[in-house]
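Below: one structure, written as structure tokens.
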């Protein structure tokens, strides 16, 4: 019995019985089915994917060396992604809503926990002075301040008529003492007089710097765990999107299967964040260059195709011939997100899963793991 070797996954199958590779599910077109290659000698198996084909078989593991850079167009990516999104809309919506609810609940709990913590610089309350009474009662005033009835007027005694002495002068002739001219102070000069002592310094209030290290450490640990759970759920969502884009059967419990990739994702995300901060601080263009050329690193780690450091070099190889499609895909994603936000935020519930599947499809097609509709599965 003649057998053939699938050039996509390397699996062998019978040319006389099987019309599709049992390992990767790629169908053999009728014009090449009756022309088998004995013992898989041909480098091409010739089978192609129809335009409306969605793979249903589970593909085998693909090594890092098999990832190839394949130029694809935005219409090919969107066509495949929209079909995959429509066929799994219920699952994608349910997973997104549950993850969004969990993340929102954890954020709300963190805010409540921070509000219940005592203030770090807590000072005793300052006593405010009592306000003055606008209409005081005269009986409440101390003695001597009550208005007394006026008595008989008493004429002041007449002054003695004395001739003006030499010491007395007219008011307009009295000499005024000279006022000292204020000289500007030099830098560092003390404005106080020489004989005036310096005021004593107030003692340092150590209570202003008091920190409850136990509560601060507890809040820090809780924040770390919450962020870890968010990353874990995000990895699970990406795994579901990759399965949907590949045409595999995805389940709701797949969102909990990304524990082994969480640590690597955290490390790679930290490195990418530092690089982006340095790039955007220098100029806006280098930051965009990094985003456009290295975005597949996240999918490579989640898909277990590369490690933390290898993911960046492999991502650059994937995007090398697809820079124009990536830039156009960013605009398409922005339009989808904007359309979802315009519908009173209800449309974003549908737009968010579509964006995840869209970029997962772009990663698979650009890396050669998923053939574009109407193209050959073999990338020579």
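The numbers here are math on the coordinates, done by the rules we state, and not lab data. Everything quoted here is computed from the prediction, not taken from an experiment. Note: ideal-geometry Cβ built from the backbone for every residue, glycine included; neighbour counts use all protein chains shown.
Okay, here's what the table says:
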{"read-out": "Scan of the stretch 217-259 for residues that are within 14 Å of residue 94 (Cα to Cα) and either assigned to a loop (DSSP other than H, G, I, E, B) or in contact with a strand residue (DSSP E or B) (Cβ under 9 Å, 6 or more places away or on another chain) (or both), ordered by number", "value": "250, 251"}
{"read-out": "So residue 368, is it surrounded by 14 or more Cβ atoms within 10 Å (Cβ to Cβ) and on the phi > 0 side of the Ramachandran plot", "value": "yes"}
